[in-house]
Amino acid sequence: MAVKTRHRLSLPRRAVASEPWYRRKELHLVVGILVAFLTVGFASQRATDGARTALDARLLNAGAGADAGLVGVESEQLSAVRAIAFTQGVAQALEANDGPALNTLVAPLHANSTVPMVDMVLPNGRVVLAVRSKGAPAPVRTRAGLLALTQALQRADGSRGGRLSELVVFRSGPTLLTISAVMKGTTPVGAVLAMTPLANVLGRLSQEVGADLTAYDSDGRPVATTAAFAPQPTGSDTARALMGGGATVTRYVFADHREQLGRLIVDHTPNAVLGVSLEDDSNVTGRIVAIYAAIGLLCTVLILATFWARVAIEQRRR
Amino acid sequence: MRNGAILLAVAVTALVPARVSRAAAPPAGVPFVQRPNPALAGIRLDYEAPLQAAGGGTASLAPLQAGVTLAAVRDRAFLVYELRDDLGGFAPAPVGAFALSSGGRATVGTLDGAAEIPLFSRQAGGEENSFAFAGAPVGPSGRPDNGKQPVPGIGVPIPVPTPAPGNEPPPANQGFGGGQKGGGGTTTTKRRPPSPTPTTTTSPPPATATTSTTVTTARPATAGPRPGGGGGGGGTTPIGGPECGTPGISIHSNLSGCKIDAVDMNPGDSTSELVQIRNTSSSTYTLSLEATGTQNHLWQDLRMAVVEQGTPAPSPLPPLLYWTTQYNDLTTLAPGETVTYVIELYLPSTAGNVDQSLAAVIDFDWQATG
């Protein structure tokens, strides 16, 4: 029996030695394993790419939504400054430098709005009255030299009535500012400033679009964010290209957090770089798909092997 | 990749089935679903118009009563998230936070500074605080806070670009999509179609409308006004274009044949038409508008606004499909009254290659309901 067994074992060796190379079992095994790996890898990569593409589309939509939402904030601030500037007695009280009288007129209007900070300033920048919601940055004594104030007064007799919005970085941090000249007849006697910290604006918009938002100045430095991590600067070249009208940029801002960079538009003008980020879990998707694909292949191999073994055994029995 | 050149033909024809009110009614058995009126849904950011008085001219508001402060603070407190389900089950609501102001943090600047103006009054339990000098200011004037001073974490801030002096029409999603001055958007490649295909379209003839043929003209792929190019101007200067209305409604367009033709439109491009409508009947009616036509994928991407001349376009522009679901009321016209509308069509830069070589023929049905 043993001799027979040895003899039977030696036959395939000779047969293998005489077979062409492409019929070698080792080659088939290697090719099979290679195809299996490639299949698993391709499925994993495709799943990763698909999930990442979907994430990028979501980030783009969130960025567009944030810019659209900012229009709403601008509109609220405009509404507040118009209400104050067009209220009877405000111009007279401001011209008279009468803080208490102004307070009687302006504080209710401020409370009735959603704007946390209002300043009433003279043309020289001196703040006659500052009204603050609880928790808002403390008032300062003078806004002298504020570019928006100069523009508002210069354009007071224009079609806009000196109203404009822009992003200003005060000592308390970046602030969305809307300003309107206060007119007495045809003469500007000062201006009203409605302000919201940019961080609050981003916080509100972040809830609306469901993504983390970060604003960067034109040097690429983060100035306000809703993210829990510390965003990396974008680099001044990237920031300036974006501010100048460049295409959106995609990057990883922190660990797995993927970020789309576009423009933060205030008053139809790019005022900052806006980053929209979400955690990128596409690699997890890819891994899971790879595991599923590998399990599927293994099961297929097992089923086919079982089937092949049954056929071989039956043939041997015959 | 995404932004292949798109051959777009748009023909807009003014069709006037006067005094028709059947279109808004759904077929029997189909429940009526309210949809947004695109003429009213968007936010119109208006820096130019002063507050309008009821009788015309500029309004001057009477001061609010002091009691509004407490009422406003109480109302605001009521808006704070109270239940975890206040976000509709889509996400747990941060109970105690205020949706309009919470969640962000500044990474530069400091909130440590003390008030440089004395506290003058506290209202509503300290929720509203006013700072003012009761008499002449005392003490040093201090360093101005004007956006030009060094700020912790950033140094001297870089000033932002100055906004334009006029009422710039808002481009849709300029920051993340629409064309920026001088280009931009997320375009990666652009491919022109082999040759601009002249498109001839014939509007379906309604009961009382004129039927016309559109002969399109190609225009350079990169040309095109900024999106939202409506608005501006104002007044009721007569438009010397052709008449395309019917008895009761006089319609003049600044374009021949009362049609907008846009060919070779690229993502980010827009086009517009000025339409002047006059009530030539003897009674007051409500003017409404519906866009009709055979829809394809291009209709899903196009955006359209109809705004009164001199009024800024909404931002972002409403989808064209908003105009196709019902007659949307625009205004009420008294006998002899005239209104001028800017019709703005915009193809967002996010439009994909699926729109390539598609054509849209959009008919405008103006309806007057007494």
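What follows draws every value from the coordinates through simple rules; no lab data is involved. In this text, all values refer to a predicted model and were calculated from it rather than measured experimentally. Methodologically, a virtual Cβ is constructed for each residue, glycine included, from the backbone with ideal geometry; neighbour enumeration extends over all protein chains shown.
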Percent breakdown of C-alpha pair distances by 10 Å bin, ordered from the shortest bin, for the range A:72-199: 14, 52, 31, 2
Three-way shape label, the range B:35-135, alpha-carbon gyration tensor, a/c 1.5: oblate
Fewest-first sequence of A:Lys25, A:Lys134, B:Lys259 by Cβ atoms within 10 Å of each Cβ: A:Lys25, A:Lys134, B:Lys259
Over the range A:72-199, relative contact order from alpha-carbon pairs under 8 Å, at least 6 apart, %: 28 percent
Selected from A:Leu298, A:Leu122, A:Leu177 as most flexible by GNM, with chain A as the system and alpha-carbon contacts under 10 Å: A:Leu298
Ranked list, fewest to most other Cβ atoms within 10 Å of each Cβ, for B:Val80, B:Val160, A:Val30, B:Val108: A:Val30, B:Val80, B:Val108, B:Val160
Long-range tail of P(r) for the range A:145-208 (Cα pairs > 15 Å, %): 53 percent
Averaged over A:79-88, number of beta-carbon atoms from partner chains that fall within 10 Å: 3
Sorted by Cβ neighbour density within 10 Å, fewest at the top, the residues B:Leu274, A:Leu149: B:Leu274, A:Leu149
Chain A - mean residue ellipticity at 222 nm from DSSP helices (-39,500 (n - 2.57) per run, n ≥ 4, rounded to 500): -17500 deg cm²/dmol
Chain A, relative contact order in percent, only Cα pairs under 8 angstrom and at least six apart counted: 18 percent
Reachable aspartates and glutamates, given that their alpha-carbon falls under 16 Å from the alpha-carbon of A:Lys134 and they are not under 8 places away in the same chain: A:Asp119, B:Asp75, B:Asp112, B:Glu127, B:Glu128
Two-decimal log10 I(q)/I(0) for chain A, as the Debye equation yields it once each C-alpha is a single scatterer, q = 0.12, 0.15 Å⁻¹: -0.87, -1.13
